């Protein structure tokens, strides 16, 4: 792969799931982004926005179309034995550490299972590699002998991370890896992931709904709603000056931990469309909640394309220029 090329390039991705009577539900459509080697690229948005569906599409865990080029390879074209050979390069850590680990297996067996499946090295070498991975994430030989039920939530997620790293991947998809953990444990796991990224040269796709975590952890972000990307750019630029009204809505909902501080309010016109939130068949998927629509017919008739602005951010909104110059902020994460 050329050094100038991104490690992952996604264009016009659509992810769908089968429904009764031959129908299909499209969970994500026209998704496009690129990820450089060593980067943390975040997908943010509320539940149902399509973030996890994009992750499943990348991992061949859902029906997906479009173009995905990973590490110089046409990723979606891979099937059968060819895909099996390439899978070690992209691994995934799932959201729930309580259900993603086999309760019947020991921690050591869980960590070595990917090595067994791909027949990496000898049995002794696989055992040594599993032990090394567990030590890398801060677990001891005593932990290795236990079942997942004997571990805390944070320890279980460390096992899931060790399992994902066992095959020495280039890219790791992290699907809400801290959302099921206590706040005090979240920072520990995030710090671990940051350390592993630096030590192993990893690239992450980080799926998250918590914007405070996203600001702390991600280099670049794509904000999703209704299965589409609404805004994309550097984490700093998006949090400092959001270009889409949905991003502004998300940021306004982030609590400030210091009760003595008041958030800088951003005033937008009052919404005139009281329609209940629903997925739009035509037009902008955010139209029923948008404070900028103000009865404008184009929002219901034409889906806005994701276009690049002069400041380098990408935004899918017909009237995003009306947000230009507005600034906001999110409280910093304390580790």
Assess whether residue 114 counts as being assigned by TED's automatic domain parsing to the domain that holds residue 154, at pLDDT below 90 and surrounded by 15 or more Cβ atoms within 10 Å (Cβ to Cβ).
no
Set 178, 189, 172, 159: member being part of a loop (DSSP other than H, G, I, E, B), within 18 Å of residue 95 (Cβ to Cβ) and in contact (Cβ under 8 Å) with a residue 24 or more places away in the chain
178
Checking residue 212 against (1) within 12 Å of residue 92 (Cβ to Cβ); (2) surrounded by fewer than 22 Cβ atoms within 10 Å (Cβ to Cβ), which test does it fail?
(1)
If residue 179 meets every condition in (1) surrounded by fewer than 16 Cβ atoms within 10 Å (Cβ to Cβ); (2) within 20 Å of the chain's Cα centre (by Cα); (3) modelled with pLDDT of 95 or more apart from one, which number is that one?
(3)
Members of the stretch 270-304 that are within 14 Å of residue 248 (Cβ to Cβ) and either surrounded by fewer than 11 Cβ atoms within 10 Å (Cβ to Cβ) or modelled with pLDDT of 65 or more (or both):
286, 289, 290, 291, 292, 293
Are any residues in the stretch 305-326 at pLDDT below 75 and loosely packed, with under 11 Cβ neighbours inside 10 Å, and if so, which ones?
325
For residue 128, state whether it is assigned to a helix (DSSP H, G or I) and more than 17 Å from residue 185 (Cβ to Cβ).
yes
Does residue 166 satisfy being more than 22 Å from residue 51 (Cα to Cα), in contact with a helix residue (DSSP H, G or I) (Cβ under 9 Å, 6 or more places away or on another chain) and touching a residue at least 40 places away in the same chain (Cβ under 8 Å)?
yes
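The values are calculated or read from the model by the stated rules, or taken from the named source; none is laboratory data. In this text, all values refer to a predicted model and were calculated from it rather than measured experimentally. Glycine also receives a Cβ, built like all others from the backbone with ideal geometry; neighbour counts cover every protein chain displayed.
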